[in-house]
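Student: Please see the structure below; I have some questions.
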Amino acid sequence: MASVAVVGPGAIGGWFAAQLLAVGRDEVVLCGRRRFDELVLDEDGTCRRHPVRVLTEPGGGRPAAPVDVVLLAVKAHQTAAAAPWLEVLVGPATTVAVLQNGVEQVDRVRPFVHPDAAIVPAVVYCGAESPEPGHVVHRTNGFLIVPDDGAGRRLATLFEGTGAEVRRSGRWLDSAWMKLCSNVVANGLTALTGRRMEVFGRPDVAEQVRRLAGECVAVARAEGAEIDDGFPDLLAEGLARMPGHAGTSMLYDRLAGRPLEYDAIHGAVVRAARRHGIDVPLHDLLVCVLAALGEPAGGRSPTTTGGVRS
């Protein structure tokens, strides 16, 4: 039996926690800001309920010692705020799976965990939203892509026999950048328009999908990822076929008035582009506009410089 802590039991953390709870072979604790007694999962026309133990204060209650596995599922911009949890939960033998967007997971999390802890960056494919604490509505997909190393294999073993799949890849960088290309498009354009996936049925939006993805592919290749020339077209076609009622995490955050995860997504592309001297004018624009969306009226964000968080 493994001891597992899920830090950030929202849509993503809640769904993967529910997969472990359903098989009942591991000790699972949820760590969040608000307490609830059961985790409710709506999917495929059914409603499943799992009793849960939720901790709301780091160091308060159990676990009092490091756990075997931490699933870090807070948004990228909430990582520093989760540091007190990581200090309590992570020891030298802990595997920390980072279920966050972007390609900078290891660098983002490393300062907050034990130096000997193993960090597993995960590419997350899971279409879900959490309308309220303890309630997850799942619509599409449910798998992770992780590096094919020792820590990645441990994570895959944890989820064996559950409804979640962990795919190990020797070319993780390719998968990470292809997902990031998808995220800069889907998250950015749904958040800006305030519309769900049906917006990608518009031909003019599809053209912008190709342009944005083209910028991202150029940067990905400079970073060492191998992505086909036809990926922008495939992405535009794939998004147009998505269920129209589905949304994105950034859209849900904008509708709820929460901070947006633009820095880990669009900002990551801009930072890499600058390292390689590549122009990405559409990404520059999206970083600027998305930053402004999350800024109080008449205010100025003190955490950004030149459109990218410093």
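Student: Identify the residue in region 147-166 that is β-branched (Val, Ile, Thr) and in contact with a helix residue (DSSP H, G or I) (Cβ under 6 Å, 6 or more places away or on another chain) and, among all such residues, is nearest to ILE119 (Cα to Cα).
Tutor: VAL166
Student: Out of curiosity, is HIS114 in contact with a Gly (Cβ under 7 Å, 6 or more places away or on another chain) and surrounded by fewer than 22 Cβ atoms within 10 Å (Cβ to Cβ)?
Tutor: yes
Student: Looking only at residues that are hydrophobic (A, V, I, L, M, F, W, C) and surrounded by fewer than 22 Cβ atoms within 10 Å (Cβ to Cβ) in region 240-259, which one is modelled with the highest pLDDT?
Tutor: In this case the residue turns out to be ALA240.
Student: So, in region 57-72, of the ones that are in contact with a strand residue (DSSP E or B) (Cβ under 8 Å, 6 or more places away or on another chain) and farther than 15 Å from ALA2 by Cα, which residue ends up modelled with the highest pLDDT?
Tutor: LEU72
Student: Within region 191-207, how many residues are within 16 Å of GLY238 (Cβ to Cβ), part of a helix (DSSP H, G or I) and touching a helix residue (DSSP H, G or I) at 6+ places or on another chain (Cβ under 7 Å)?
Tutor: So the count comes out to 6.
Student: Right, here's the next one. Please go through region 167-190 and give me each residue that is surrounded by fewer than 16 Cβ atoms within 10 Å (Cβ to Cβ), in contact with a helix residue (DSSP H, G or I) (Cβ under 8 Å, 6 or more places away or on another chain) and of a type outside the set (Lys, Arg), ordered by number.
Tutor: Within region 167-190, SER169 is the sole residue that qualifies.
Student: Kindly provide the set of residues from region 23-57 that are surrounded by 15 or more Cβ atoms within 10 Å (Cβ to Cβ) and either without any contact (Cβ under 8 Å) to a residue 24 or more places away in the chain or not in a strand (DSSP E or B) (or both), ordered by number.
Tutor: Once the filter is applied, which keeps residues that are surrounded by 15 or more Cβ atoms within 10 Å (Cβ to Cβ) and either without any contact (Cβ under 8 Å) to a residue 24 or more places away in the chain or not in a strand (DSSP E or B) (or both), region 23-57 yields ASP26, GLY32, PHE36, VAL52.
The values are calculated or read from the model by the stated rules, or taken from the named source; none is laboratory data. Note that the structure is a prediction, hence the values are computed from the model and not measured. Cβ: placed from backbone, ideal geometry, glycine included. Neighbour counts: every protein chain shown.
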